[in-house]
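**Student:** I'd like to ask you about the structure that follows.
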Protein chains: 2
Amino acid sequence: MRLGIYGYGNLGRFAEANAKLFEDVELVGVFTRRNVKDVKTLGTPVYPAEDVLSFKDKIDVLFIAGGSANDLPVMTPQLAKDFNVIDSFDNHSMMVEHVSAVNESAKQSGHLALVAAGWDPGVFSLERMIFDSFLPNGKSYTFWGRGVSQGHSNAIRRIEGVKDARQYTNPRPEALETVRSGKMEDMNAQSMHTRECYVVAEDGADKTEIERKIKTMPGYFEGYETTVNFISQEELDKNHSGLPHGGFVMRNGQGNSFTHRLEFALNLGSNPEFTSSVILAYSRALFRLYKEGVRGCITVADVAPKYLCREEGMDLIHKYI
Amino acid sequence: MRLGIYGYGNLGRFAEANAKLFEDVELVGVFTRRNVKDVKTLGTPVYPAEDVLSFKDKIDVLFIAGGSANDLPVMTPQLAKDFNVIDSFDNHSMMVEHVSAVNESAKQSGHLALVAAGWDPGVFSLERMIFDSFLPNGKSYTFWGRGVSQGHSNAIRRIEGVKDARQYTNPRPEALETVRSGKMEDMNAQSMHTRECYVVAEDGADKTEIERKIKTMPGYFEGYETTVNFISQEELDKNHSGLPHGGFVMRNGQGNSFTHRLEFALNLGSNPEFTSSVILAYSRALFRLYKEGVRGCITVADVAPKYLCREEGMDLIHKYI
């Protein structure tokens with residue numbers, strides 16, 4: 001499977017590095033909107049983004065490694081006119097619109113697109129689907145963390161007097177315990193998580209005011225138990241430069257006579273590295289489904305497990321079933 | 001979806017009871033090899049097994065609730081000649097043969113069969129497949145328990161002087177810890193589990209000899225850390241009459257630069273009740289795939305998550321992705 005990477009931020013770089021773990025993936029090129037000379041890859045050739053159309057016959061799957069806010073809503077429908085494409089669109093509230101737009105484009109051009117590949121949406125979506133179907137009468141919970149939320153870190157950085165910041169989302173241990181005890185209480189994001197901030201203030205900044213602005217920020221911190229720690233840039237760089245993440249999907253279900261509990265957990269050394277690995281696995285699936293004649297826009301909901309695996313046929317049954 | 005239940009042991013009974021949680025499932029009948037008058041259902045009509053052929057046009061999916069040792073290798077290929085069938089065949093070492101035999105029969109008759117639905121094989125198979133595909137460079141572990149192993153309980157009951165017995169398989173906490181710490185050590189079933197036996201001895205039986213025979217039984221207990229507790233029939237009936245089970249699938253993976261850990265856990269109040277629920281969800285998927293034109297024998301590897309869910313189309317995307 002010949003893969004192109006469109007965009008070379010965190011996800012694009014990790015996809016390039018991790019591709020060597022997928023023996024059936026051949027890297028064709030990295031396509032960038034930056035100056036080609038400024039992009040140093042691990043060895044994959046770099047081309048200007050506008051040249052991608054000349055690779056129409058050389059790329060089986062194009063991974064669009066762009067941002068969900070501005071890039072993907074435009075890029076994915078556009079590139080689906082000429083390529084089989086995969087993205088990691090992660091804006092849940094715009095998902096139906098995104099799928100619809102990409103589906104129209106890919107159906108018209110006779111390509112296959114898979115959107116929202118990653119771990120949430122993605123792997124977590126898959127687990128939520130199967131958990132609900134096996135235990136129809138029950139309650140599901142999604143916990144995020146412990147891990148770095150880049151959106152929340154950026155929100156802190158926009159506050160006046162803040163030089164740099166890193167925000168960790170943590171599951172509340174007592175909320176995890178409540179779910180694991182089998183209870184089916186109503187919970188919301190605020191009662192399930194705490195927010196832990198590490199902030200580098202500019203010289204002379206009003207730290208009390210920064211802390212107040214963080215803790216009362218609507219949509220990000222308001223309503224959460226939030227702790228703010230002021231540290232030096234050196235300390236931030238030394239202890240908080242990684243992007244670890246994790247999370248849990250759980251379901252407590254009541255059968256006719258008994259209760260059952262399902263739990264999925266991931267613990268990631270690096271959020272973008274694991275996400276890129278999920279994207280590579282789903283790229284493999286996407287290309288197989290394309291070869292079987294599937295067209296339009298699909299998600300992880302449409303992909304049978306066998307399409308993700310290297311093994312096929314009876315080898316797969318022997319190894320996994 | 002009109003469901004027939006062929007066999008009325010533990011699994012058949014739980015499938016009948018749990019079907020009310022699946023609003024799209026209509027129970028047509030229970031088919032039994034026993035005397036029809038001796039089979040008391042929760043309300044589903046009971047018919048002799050040999051009458052099942054007269055229901056060819058009244059049943060969309062037939063659940064064959066038989067044993068893997070003797071029933072299913074014969075029944076599933078046989079009944080796939082006239083029905084879409086689902087079973088919970090769980091003999092891993094005979095899986096390829098079973099799939100091949102059922103596939104030939106179902107392909108010839110133009111039906112669809114789904115075999116090995118349950119939690120292992122079944123849900124665990126699914127998790128092992130996706131874990132391996134997301135983290136190609138790594139090591140997977142399957143732990144069983146804490147739960148009752150009916151095979152091991154029966155093996156103890158066959159020892160002279162044993163009146164009744166119940167065996168629990170337990171994951172070793174230190175083995176779970178080793179995997180959760182990120183290590184990728186080689187482990188085997190013996191180093192991952194302990195076996196805990198509750199035995200009712202007949203009056204005057206040689207308990208020392210019974211304990212020796214249990215602990216040295218090849219293929220069942222030899223090599224395991226095994227504890228044997230002699231108790232009264234009353235105590236066994238009071239404290240060990242349920243069939244709880246559980247287990248874990250875990251994978252530690254090494255990406256290009258970081259390590260990642262995936263874990264799936266289930267905790268079941270009743271092994272057969274949950275298994276029946278998984279079978280009902282896969283029966284729904286089986287019938288949908290049949291209506292889409294799929295024929296032959298499939299397994300959980302072939303079923304995309306969307307086929308398991310009640311929701312469809314954009315409702316499904318909105319809810320889960």
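The values are calculated or read from the model by the stated rules, or taken from the named source; none is laboratory data. Please read these numbers as outputs of a predicted model, since none were measured by experiment. All Cβ positions, even for glycine, are placed from backbone atoms using ideal geometry, and neighbour counts span all protein chains on display. Areas reflect the complete protein model, heavy atoms only, side chains present, ligands, DNA and RNA absent. Shrake-Rupley method; radii C 1.70, N 1.55, O 1.52, S 1.80 Å.
**Student:** Which residue fluctuates most in the GNM of chain B (Cα springs below 10 Å): B:Asn188, B:Asn271, B:Asn84?
**Tutor:** B:Asn188
**Student:** Can you give me the accessible area per residue for the protein assembly as shown, using a 1.4 Å probe, in Å²?
**Tutor:** Dividing the accessible area of the protein assembly as shown by its residue count gives 41 Å².
**Student:** A further question follows. What part of the accessible area of chain B, given as a whole %, is carbon or sulfur when the probe is 1.4 angstrom?
**Tutor:** Details: 6140 of 13280 Å².
Its accessible area is 46 percent carbon and sulfur atoms.
**Student:** Express in whole angstrom the spacing between the alpha-carbon centres of the range B:46-73 and the range B:152-193.
**Tutor:** That distance is 34 Å.
**Student:** Taking K and R as +1 and D and E as -1, what net charge do the other residues with C-beta under 14 Å from the C-beta of A:Lys40 add up to?
**Tutor:** Charge balance near A:Lys40 sits at +1.
**Student:** Any idea how far the Cα center of the range A:87-101 sits from the one of the range B:200-246, in Å?
**Tutor:** The range A:87-101 and the range B:200-246 have Cα centres separated by 56 Å.
**Student:** Please list A:126-137, A:304-315 highest first by mean number of surrounding beta-carbon atoms within 10 Å per residue.
**Tutor:** Order by mean packing, descending: A:126-137, A:304-315.
**Student:** Ok, one more. Report the accessible area of A:Lys56, computed with a 1.4 Å probe over the heavy atoms of all protein chains in place, in Å² rounded to the nearest 10.
**Tutor:** 100 Å²
**Student:** Moving on. Do the alpha carbons of any pairs in A:Lys306/B:Lys306; A:Lys163/A:Lys238; B:Lys37/B:Lys58 sit beyond 19 Å of each other, and which pairs?
**Tutor:** B:Lys37/B:Lys58
**Student:** For the range A:192-221, state which GluC sites (Glu not before Pro) are in a DSSP loop and have at most 14 other beta carbons lying within 10 Å of their beta carbon. Mind showing how you got there, number by number?
**Tutor:** Numbers: sites: A:Glu196, A:Glu202, A:Glu209, A:Glu211; in loops: A:Glu202.
Counting only loop positions with at most 14 other Cβ atoms within 10 Å, the GluC sites (Glu not before Pro) in the range A:192-221 are A:Glu202.
**Student:** Using the Karplus curve 6.51 cos²θ - 1.76 cosθ + 1.60 with θ = phi - 60°, what ³J(HN,Hα) values do you get for each residue of the range A:296-307, in whole Hz, with x for Gly and Pro?
**Tutor:** Karplus values, whole Hz, x for Gly and Pro: x, 10, 10, 9, 4, 5, 9, 10, 5, x, 4, 6.
**Student:** Another question, if that's okay. Can you send over the solvent-accessible area of A:Tyr47, 1.4 Å probe, protein chains only, in Å² to the nearest 10?
**Tutor:** 60 Å²
**Student:** Among the DSSP beta bridges whose two residues both lie in chain B, what percent are antiparallel, rounded to the nearest 5?
**Tutor:** The answer is about 55 percent antiparallel.
**Student:** What does DSSP give for the protein assembly as shown in terms of the percent of beta bridges that are antiparallel, rounded to the nearest 5? Write down the numbers at each step before the final one.
**Tutor:** Values: 67 of 119 bridges.
Antiparallel bridges make up about 55 percent of those DSSP assigns within the protein assembly as shown.
**Student:** For the range B:138-254, what number results from the quotient of the Cα radius of gyration and 2.2 N^0.38 Å? Please list the in-between numbers first.
**Tutor:** Details: Rg = 15.9 Å, N = 117, 2.2 N^0.38 = 13.4 Å.
Dividing the Cα radius of gyration by 2.2 N^0.38 Å gives 1.18.
**Student:** With θ set to phi - 60° and the Karplus curve 6.51 cos²θ - 1.76 cosθ + 1.60, what are the ³J(HN,Hα) couplings of the range B:238-253 in order, to the nearest whole Hz, using x for Gly and Pro?
**Tutor:** Rounded to whole hertz, the list is 6, 9, 9, 8, x, 10, x, 7, x, x, 9, 10, 9, 9, 9, x.
**Student:** How high is the relative contact order of chain B, given as a whole-number percent (alpha carbon pairs under 8 Å, six or more residues apart)?
**Tutor:** Result for chain B is 20 percent.
**Student:** Oh, and also: Hey, can you list the residues from the range B:280-303 whose accessible area shrinks by 50 Å² or more with all protein chains present, relative to the chain by itself (probe 1.4 Å, no ligands or nucleic acids)?
**Tutor:** Residues shielded by partner chains are B:Ala301.
**Student:** Also, I was wondering about something else. Please work out the Cα center distance from the range A:1-41 to the range B:264-288, rounded to the nearest Å.
**Tutor:** One Cα centre to the other: 41 Å.
**Student:** In Å and from the alpha-carbon atoms only, list the Rg and Dmax of the range A:166-218.
**Tutor:** When restricted to Cα atoms, the range A:166-218 yields Rg and Dmax of 15.5, 50 Å.
**Student:** For B:Arg261, what charge total do you get from the other residues with a beta carbon under 12 Å from its beta carbon, if Lys and Arg give +1 and Asp and Glu give -1?
**Tutor:** Local charge sum for B:Arg261: +3.
**Student:** Same structure, new question: Could you tell me what % of all Cα pairs in chain B have separations over 24 Å?
**Tutor:** For chain B, the share of Cα pairs beyond 24 Å comes to 61 percent.
**Student:** Tell me the relative contact order for the range B:86-169 as a rounded percent, counting alpha carbon contacts under 8 Å between residues six or more apart. Kindly include the intermediate steps, with their values, before the conclusion.
**Tutor:** Numbers: 63 pairs, mean separation 18.7, N = 84.
Contact order relative to length: 22 percent.
**Student:** For the interface of B with A, what's the total buried accessible surface in square angstrom, probe 1.4 angstrom, rounded to the nearest hundred?
**Tutor:** Counting protein atoms only, the buried area is about 5700 Å².
**Student:** Just by accessible area at a 1.4 angstrom probe, what is the order of B:Leu114, B:Leu21 from largest to smallest?
**Tutor:** Sorted by accessible area, descending: B:Leu21, B:Leu114.
**Student:** Which order do A:Trp119, B:Trp144 take when ranked by solvent-accessible area (1.4 Å probe, heavy atoms of all protein chains), largest first? Please report the intermediate quantities before stating the final value.
**Tutor:** Numbers: A:Trp119 20, B:Trp144 90 Å².
Final ranking, largest accessible area leading: B:Trp144, A:Trp119.
**Student:** Around B:Thr194, which amide H atoms from residues at least 5 apart in sequence, or from another chain, sit under 5 Å from its own amide H, with H modelled in the peptide plane?
**Tutor:** Here B:Asn170, B:Arg172 satisfy the definition.
**Student:** At a threshold of 8 angstrom on Cα-Cα distance, excluding pairs fewer than six apart, so keeping six or more, what relative contact order does the range B:138-254 reach in percent?
**Tutor:** 39 percent
**Student:** Here is a follow-up. How much net charge surrounds A:Leu236 when only other residues with a Cβ under 12 Å from its Cβ are counted (Lys, Arg +1; Asp, Glu -1)?
**Tutor:** Computed value for this residue: 0.
**Student:** From the Cα gyration tensor of the range B:267-321, with a ≥ b ≥ c the square roots of its eigenvalues, which class applies: rounded if a/c is under 1.5, or else prolate if a/b is larger than b/c, or else oblate?
**Tutor:** Because a/c hits 1.5 or more and a/b fails to exceed b/c, the range B:267-321 counts as oblate.
**Student:** Counting only complete DSSP H runs, which helices of chain B cover 24 Å or more along their long axis at the Cα atoms and score a mean Kyte-Doolittle of 0.5 or above?
**Tutor:** Long hydrophobic helices here: none detected.
**Student:** Let me ask something else. With a/c under 1.5 counting as rounded, go ahead and sort the range A:50-135 into rounded, prolate or oblate using the C-alpha gyration tensor (a ≥ b ≥ c being the square roots of the eigenvalues; past the cut-off, prolate if a/b is larger than b/c, else oblate).
**Tutor:** Prolate shape, in that a/c is at least 1.5 and a/b is the bigger ratio.
**Student:** Name the residues of the range A:250-270, by number, that are at least 30 Å² less accessible with every protein chain in place than in the isolated chain; the surface is that of heavy atoms, probe 1.4 Å, without ligands or nucleic acids.
**Tutor:** A:Asn256, A:Phe258, A:His260, A:Arg261, A:Leu262, A:Glu263, A:Phe264, A:Ala265, A:Asn267, A:Gly269
**Student:** What list of whole percents do you get for P(r) of the protein assembly as shown, with Cα-Cα distances grouped in 20 Å bins up to the one holding the largest distance?
**Tutor:** That works out to 17, 48, 28, 7, 0, in percent per bin.
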